[in-house]
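This report refers to the structure that appears directly beneath it.
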Amino acid sequence: MSIRSILIHPDPRLKAVADPVVEVDKDLRKLADDMLETMYNAPGIGLAAPQVGVGKRLLVMDCVKEEGAPPRPMVLINPEVVWASDETNVYEEGCLSIPDQYADVERPAEVEVSWMDLDGKAQKERFDGLWATCVQHEIDHLHGKLFIDYLKPLKRQMITRKMVKLKRERARL
Ligand code: K1U
Ligand code: ZN
């Protein structure tokens, strides 16, 4: 397993629509393993393939937050939201591609998601709480959408300017 570098906004690869996965092969398994290691190392609770520069419909997540509880690493291939609740939740979201910036985002409180697992088996599950917020945030990444796209233009521009500055500073090091 290896840690991959995470793209920082703005980057055209974060705005692109990801392609469906057609085959679960050795390279895809390695990508999923690397993404989980990258997510835990960050640390984060989710990561989508476009964030490591791979334009495929693949995401990983683990939203277990209870101290001492066993981890629940999940790999979702070609995930789709098949149902969303009318009830909504507001959560202060962050993003590993937009470091140190947080903002309230309103999303459906519960979603049902279908996907394929690493054995090529179809899966379907209903998520709520942080899991629901996270899976929607990650599926947005697969559509080239970031949480700042839900914010007012002025706030979004302010965050984008900060990220441009951060990238310039990091490039100078
Ligand atoms: O997609 C990403 O960039 C990962 C992102 C997922 C996410 C966070 C909050 C709401 C929705 C989706 C993160 O993991 S940001 C880091 C974070 O939230 C966190 C880090 C350490 C412990 C707990 C949370
Ligand atoms: Zn994100």
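Bear in mind these aren't lab numbers, they're just calculated from the coordinates by the rules spelled out. These figures come from a predicted structure and were not determined experimentally. Glycine gets a Cβ as well: all are built from the backbone with ideal geometry, and neighbour counts include every protein chain shown.
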Of the residues that make up segment 136-153, is at least one within 11 Å of ligand 1 (Cβ to nearest atom), surrounded by 13 or more Cβ atoms within 10 Å (Cβ to Cβ), β-branched (Val, Ile, Thr) and in contact (Cβ under 8 Å) with a residue 12 or more places away in the chain?
yes
Among the strands (runs of 3 or more DSSP E) lying completely within segment 38-86, list those that include at least 3 residues that are within 15 Å of ligand 2 (Cβ to nearest atom).
46-48, 58-61
Verdict on ARG57 being touching a residue at least 24 places away in the same chain (Cβ under 8 Å) and among the basic types (Lys, Arg):
yes
When residues of segment 14-47 are limited to those that are touching a residue at least 12 places away in the same chain (Cβ under 8 Å) and over 23 Å from ASP119 (Cα atoms), the one surrounded by the most Cβ atoms within 10 Å (Cβ to Cβ):
LEU14
With criteria (1) away from ligand 2 (no atom under 14 Å from the Cβ); (2) in a strand (DSSP E or B), LEU28 comes up short on (2)
Yes/no for VAL64 being more than 15 Å from the chain's Cα centre (by Cα) and within 12 Å of ligand 1 (Cβ to nearest atom):
yes
